[in-house]
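Colleague: Submitted below is the structure of interest, expressed as structure tokens.
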Amino acid sequence: MKEFICTVCPRGCRLKVDEKKLTVTGNGCIRGIEYGKNEAVNPKRILTSTVSIEGGLHRRLPVRTDIAIPKSMLFDCMAVIHGCKTKSPVIAGQVLIENIAGSGANLIASRNM
Amino acid sequence: MLKYDLAVIGGGPAGLAAAISAYENGIRSIVVLERDVELGGILNQCIHNGFGLHRFGEELTGPQYAERFISKLSETSARVLLGTMVIGLNSDRYITCVNKYDGVFTIQAKAVILAMGCRERNRGPIGLPGDRGSGIFSAGSAQRYMNIDGYLVGRRAVILGSGDIGLIMARRMTLEGAKVLAVAELMPHSNGLNRNIVQCLDDFGIPLYLSHTVTDIFGKNRLDKVVISQVDDRLKPIPGTEKEFDCDTLLLSVGLIPENELTRTAEIPIDFRTNGAVVYDDMQTESEGIFACGNVLHVHDLVDFVSSESEKAGKKAAEYITGGCVSIHKAATIDIKNGNGVVYTVPQKVVIGGPEKSLEVFFRVREKSEKSIVEVSSGNRIISSFKREFLAPGEMERIVIPRKLLENINESIAISVKSGGTV
């Protein structure tokens, strides 16, 4: 039995997950079930950071992965992000790196710049 | 002198939502005054995700959340003055501004919305002892250096305060290659959201020391050591519990203060509990035609709530303008008071017989509790009650009281918590 604080919403339900049967208890809503199962088997996170941008209003462009990536790949993706440079103009949602570090997620711009 | 129907002071999440809402409620002559070089306010440096879950049902980053409002505002007739600092305001709604294009100029508006947000508490008010070397930042300024300007503020950091910005910065610095040695929190519980404890500390194995505070700082030029100690139940450091950390950076995440200098200049009464203006249920301050919303009114946990509160302020300001600027506060009002376990309420005053069917009240509780009942009472009479599974000081609570129940009340009402048991 593993215990997690659910982070799907600010309520923070205390989930108990049976890793073998994959049953979740303590969830206040249906989204907690999926979160609890994933957290026990393959925890995922959305990664946000910034990349260098030339010719923009600021020196850094905020970026994010479009979908959550496995928690274990956060630093692999950061290594790729550290080497990423882009030029203005960039449109919010524009893909900067496809399938970043083989995670299956794209790195996209968080804003226009 | 420039004349507008509505002037919004601040172009962050509160100002944006208020201006858009006023436009949608029929106001065409609007000016938004923003001191930064762009709209969006603090959202621009909050590059992490988690914004908009309530409002849009998806996890946006700060810039993404801001962009939705900025693009919506650009479709309205509102005029935006960037790089423009408001330096004066009076109760007749004359606003003194300064920018580098026009110098000093005055704006007169039929209604004003205060949306200046808040700023961080720093080293002074919490009386941090020790040397005054460089490397001590408020968490939000470190966030700006990092996310907007592209500077890593240090390599080895200790963070004092477990507010959300401190937690977010712990993750951010770790991802960028710095080592975060510890987060120290004076109180026995964190004021941050659960999701931030999990995703910013637990994910990276960063220890959270509850009931601890910084008791010494060493470093003449750059910081080189921070000492933290455990505190007793009176929050006094306990000798012998010192832990030393060799570090070059100390981030302070020790609270936010609504930025109400202009509010004070206009002699608008401030509530010492919220550090924001006293407002009626229409978000209007004691000064006629001046409304307030967002973090300048009280510090919110989630921007989603700032947006909805500000939309209400925008709508009510629009009604005030189109209704010929007649204040409804001439009518009888009742006060909302803190009952047992409640720290503050917004609004603080309610107009009896106001136009809405229900009264929305935001409040914060003093301590964590489970299976509690929130009671609204007047004298000995209980007007209405609400069940809550879980209450925590870190999370703003909201109740909606049907107006019908307030009809025969002419004294004050109080909101209190009957706890099922503290956690």
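Colleague: Rounded to the nearest 20 debye, what is the charge dipole size of chain B about its Cα centre when +1 sits on each Lys and Arg Cβ and -1 on each Asp and Glu Cβ?
Modeller: 260
Colleague: By counting other Cβ atoms within 10 Å of each Cβ, how are B:F204, B:F363 ranked from fewest to most?
Modeller: Ascending number of Cβ neighbours within 10 Å: B:F204, B:F363.
Colleague: Among B:P355, B:P237, B:P347, which one shows the highest mean-square fluctuation when chain B is modelled as a Gaussian network with alpha-carbon springs under 10 Å?
Modeller: Largest GNM mean-square fluctuation: B:P355.
Colleague: Could you go through the range B:74-83 in sequence order and give the Karplus-derived ³J(HN,Hα) for each residue, using 6.51 cos²θ - 1.76 cosθ + 1.60 with θ = phi - 60°, rounded to whole Hz, and x for Gly and Pro?
Modeller: My calculation for the range B:74-83 gives 5, 8, 9, 8, 5, 8, 10, 9, 8, x Hz in order.
Colleague: Taking the Cβ of A:V90 as the centre, find all other residues whose Cβ is under 14 Å away and add up their charges (Lys, Arg: +1; Asp, Glu: -1).
Modeller: Result for the neighbourhood of A:V90: +4.
Colleague: I need the phi-derived Karplus couplings for the range B:115-125: 6.51 cos²θ - 1.76 cosθ + 1.60, θ = phi - 60°, integer Hz, Gly and Pro marked x.
Modeller: So the J values, rounded to whole Hz, are 9, 7, x, 9, 10, 7, 6, 10, 5, x, x.
Colleague: If each residue's Cβ is checked for other Cβ atoms within 10 Å, how do B:E34, B:E261 rank with the fewest at the top? Could you put the intermediate results ahead of the total?
Modeller: Working: B:E34 24, B:E261 12.
Ranked by crowding around the Cβ, least crowded first: B:E261, B:E34.
Colleague: Restricting to DSSP H runs of at least four residues, report the calculated mean residue ellipticity at 222 nm for chain B, -39500 (n - 2.57) per run over all residues, nearest 500 deg cm²/dmol.
Modeller: Calculated mean residue ellipticity at 222 nm is -5500 deg cm²/dmol.
Colleague: What order do you get for B:M146, B:M187 when you list them from fewest to most C-beta neighbours inside 10 Å? Let's see the in-between values first.
Modeller: Working: B:M146 23, B:M187 16.
Lowest to highest Cβ neighbour count: B:M187, B:M146.
Colleague: Could you give the dipole magnitude of the range B:267-402 about its Cα centre, charging the beta-carbon of Lys and Arg +1 and that of Asp and Glu -1, in debye to the nearest 20? Each step should come with its number before you reach the end.
Modeller: Numbers: 16 positive and 20 negative charges, 82 e Å.
With only Lys, Arg, Asp and Glu charged at Cβ, the dipole is about 400 debye.
Colleague: While we're looking at this one, here's another question. Counting DSSP beta bridges in the range A:48-109, what percent are antiparallel, to the nearest 5?
Modeller: Beta bridges within the range A:48-109, antiparallel portion: roughly 75 percent.
Colleague: Quote the relative contact order of chain A in percent (integer), defining contacts as alpha-carbon pairs under 8 Å separated by 6+ residues.
Modeller: Details: 221 pairs, mean separation 21.9, N = 113.
Once divided by the residue count of chain A, the mean separation gives 19 percent.
Colleague: Which one, B:S29, B:S71, B:S378, has the greatest fluctuation when you compute a Gaussian network model over chain B with C-alpha springs under 10 angstrom?
Modeller: Fluctuation is largest for B:S71.
Colleague: Once you have a ≥ b ≥ c as the square roots of the Cα gyration tensor eigenvalues for the range B:122-254, tell me rounded if a/c is under 1.5, and otherwise prolate or oblate according to whether a/b is larger than b/c.
Modeller: oblate
Colleague: What do you get when you divide the Cα radius of gyration of the protein assembly as shown by 2.2 N^0.38 Å, with N the number of residues? Write down the numbers at each step before the final one.
Modeller: Working: Rg = 23.9 Å, N = 536, 2.2 N^0.38 = 24.0 Å.
So the protein assembly as shown has a normalised radius of gyration of 1.00.
Colleague: Also, quick follow-up: Tabulate in residue order the Karplus-calculated ³J(HN,Hα) for the range A:102-113, using 6.51 cos²θ - 1.76 cosθ + 1.60 with θ = phi - 60°, rounded to whole Hz; enter x for Gly and Pro.
Modeller: With the stated coefficients, the range A:102-113 comes to x, 7, x, 9, 9, 8, 10, 6, 8, 7, 6, 7 Hz.
Colleague: Something else now. Compute the Cα gyration tensor for the range B:44-132, then decide on rounded, prolate or oblate, letting a ≥ b ≥ c be the square roots of its eigenvalues: rounded whenever a/c is under 1.5, prolate when a/b is larger than b/c in the other cases, and oblate in all that remain. Let's see the in-between values first.
Modeller: Numbers: a/c = 2.17, a/b = 1.07, b/c = 2.03.
Judged from the Cα gyration tensor, the range B:44-132 comes out oblate (a/c at least 1.5, b/c at or above a/b).
Colleague: What are the trypsin sites (Lys or Arg not before Pro) within the range B:337-404 that DSSP puts in a loop, where the Cβ has at most 12 other Cβ atoms within 10 Å?
Modeller: Those that pass, being in a loop and sparsely packed, are B:K357.
Colleague: Follow-up. Among bridges DSSP assigns within the protein assembly as shown, what percent are antiparallel (round to 5)?
Modeller: Just about 65 percent of them are antiparallel.
Colleague: Let me ask something else about it. Express the relative contact order of chain B as a whole percentage, based on alpha carbon pairs under 8 Å and six or more residues apart in sequence.
Modeller: This gives 15 percent for chain B.
Colleague: Taking every DSSP beta bridge that has both residues in the range B:122-254, what percent is antiparallel when rounded to the nearest 5? If you can, show how the numbers build up before the last one.
Modeller: On the way: 11 of 27 bridges.
Close to 40 percent.
Colleague: Taking amide H positions as placed 1.01 Å from N in the peptide plane, with prolines and chain starts having none, which residues 5 or more places from B:Y209, or on another chain, fall under 5 Å of its amide H?
Modeller: Here B:V183, B:A184, B:E185 satisfy the definition.
Colleague: Sort the range B:258-301 into rounded, prolate or oblate with this rule: let a ≥ b ≥ c be the square roots of the eigenvalues of the Cα gyration tensor; rounded if a/c is under 1.5, and if a/c is not under 1.5, prolate when a/b is larger than b/c, oblate otherwise.
Modeller: Oblate, because a/c is 1.5 or more while a/b does not exceed b/c.
Colleague: On alpha carbon coordinates alone, what is the Rg over Rh value for chain B, Rh being the Kirkwood radius? Before the final figure, lay out the partial values.
Modeller: Numbers: Rg = 22.4 Å, Rh = 22.7 Å.
Value, to two decimals: 0.98.
Colleague: Please give the FRET efficiency for A:S52 paired with B:H329, using the beta carbon to beta carbon distance and R0 = 51 Å, rounded to the nearest 0.05.
Modeller: Numbers: r = 53 Å, r/R0 = 1.04.
Between A:S52 and B:H329 the formula returns 0.45.
Colleague: Which of B:I321, B:I197, B:I382 moves the most in a Gaussian network model of chain B with Cα springs under 10 Å?
Modeller: Evaluated over chain B, the most mobile residue of the options is B:I382.
Colleague: Remind me, relative contact order of the range B:331-423 in percent, using alpha carbon pairs under 8 angstrom and six or more residues apart?
Modeller: RCO, the range B:331-423: 39 percent.
Colleague: Here is a further query. Taking a point 7 angstrom from the Cα of B:K418 along the C-beta vector, which residues in the range B:361-381 have backbone N less than 12 Å away?
Modeller: B:372-377, B:381
Colleague: What does the charge dipole of the protein assembly as shown about its Cα centre add up to, to the nearest 20 debye, if the Cβ of each Lys and Arg holds +1 and the Cβ of each Asp and Glu holds -1?
Modeller: About 440 debye.
Only the coordinates and a few stated rules stand behind these numbers; no lab work does. The structure presented is a predicted model; accordingly, all values stated were derived computationally and were not measured. All Cβ positions, even for glycine, are placed from backbone atoms using ideal geometry, and neighbour counts span all protein chains on display.
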